[in-house]
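Okay, structure first, notes after.
The values are calculated or read from the model by the stated rules, or taken from the named source; none is laboratory data. Bear in mind the structure is a predicted one, so any value in this text is a computation, not a measurement. Cβ placement follows ideal geometry from the backbone for every residue including glycine, while neighbour counts extend to all protein chains displayed. Quick note on the areas: whole protein, heavy atoms, side chains included, nothing else; ligands and nucleic acids left out. Shrake-Rupley method; radii C 1.70, N 1.55, O 1.52, S 1.80 Å.
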Amino acid sequence: MGHTPTLIKICGLSTEVAIDAAAANGASHIGLVHFEKSPRHVTLEQAAKLRARTPTSLKVVLLLVNASPVLTEQAYKAVRPDVIQFHGSEKPEWLALVKKHMKVEVWKALGLRSAETLTNARRFDGIADRLLFDAPAQALPGGNGTKVDWSLLSGHQHLLPWGLAGGLDPDNVEEALAATHAPLVDVSSGVESAPGVKDMDKMARFCQAVANHDQRSTQA
């Protein structure tokens, strides 16, 4: 049985150069953050321009945090993302409503504190297209560079597609994949030289590390 290649989402991109690097290195998704408190924040106008410039090989994920219904609709119409990632305390009912009215995948990020988080995540079954398990929110909902306790995910039976975020970087992503078998990895601060500034070398190394893991899994 062949190993399905691990999907790679590089989040918090704000320049065309970074988007080109993500595509060149084999990422599957890029994340655009529309949340003013984040050092990776882009305006809807900037996000729309970056979206228009993104090659079709990449899916565009627009990240929102507890956005109002009005802002969510504005953002969707301006950017036309492939995915909206909800990274706040949004409820399953809200995701269901968004899916009903917008032609878009919806992902829900959850701060993974304990096994209880995984139980509570079941509320999104049949609603979210993917769950992202991130480190618990701090000053910012995500992009803090703190790691998730991978052992919580080891052997867990996931009913939905999912992804691993939180503190991943080129040096630990292979270990994270070996521990969790995540089908998607999501990196932001781990491929930066400063908050919000993507480092092309780190992005290349991160994607290469994932490819190395996939290659070993195929041979195993």
(message) Within the chain, what whole-number % of the accessible surface is contributed by carbon and sulfur, with the 1.4 Å probe and all protein chains included in the calculation?
(response) 52
(message) How charged is the neighbourhood of Ile30? Take every other residue with its Cβ under 13 Å from the Cβ of Ile30, and add Lys/Arg as +1 and Asp/Glu as -1.
(response) +2
(request) Report the extension gain between Glu45 and Asn172 in nm, rounded to one decimal, defined as 0.36 nm multiplied by the number of residues separating them, less their alpha carbon distance. (result) 42.3 nm
(request) Using only alpha carbon pairs under 8 Å that are at least six residues apart, calculate the relative contact order of the range 143-220 and give it in whole percent. (result) 31
(request) Please give the contour-minus-distance gain from Glu36 to Thr117: 0.36 nm per residue of separation, less the Cα-Cα distance, rounded to one decimal in nm. (result) 26.5 nm
(request) Kindly provide the helix-only [θ] at 222 nm of the chain, computed as the sum of -39,500 (n - 2.57) over DSSP H runs of four or more divided by all residues, to the nearest 500 deg cm²/dmol? (result) -10000 deg cm²/dmol
(message) For the chain, what does the accessible surface come to per residue with a 1.4 Å probe? Please give it in Å².
(response) 47
(message) So for the chain, considering every pair of alpha-carbon atoms, how many percent are separated by more than 34 Å?
(response) 7
(request) Measure off 7 Å from each Cα along the Cα-to-Cβ vector at Arg216 and Lys99, then give the distance between these two points in nanometres to one decimal. (result) 3.5
(request) Would you mind counting up the charge near Trp107? Only other residues with Cβ under 10 Å from its Cβ, with Lys and Arg at +1 and Asp and Glu at -1. (result) 0
(message) Can you give the log10 of the normalised intensity I(q)/I(0) at q = 0.09 Å⁻¹, computed with Debye over equal Cα scatterers of the range 1-129?
(response) -0.27
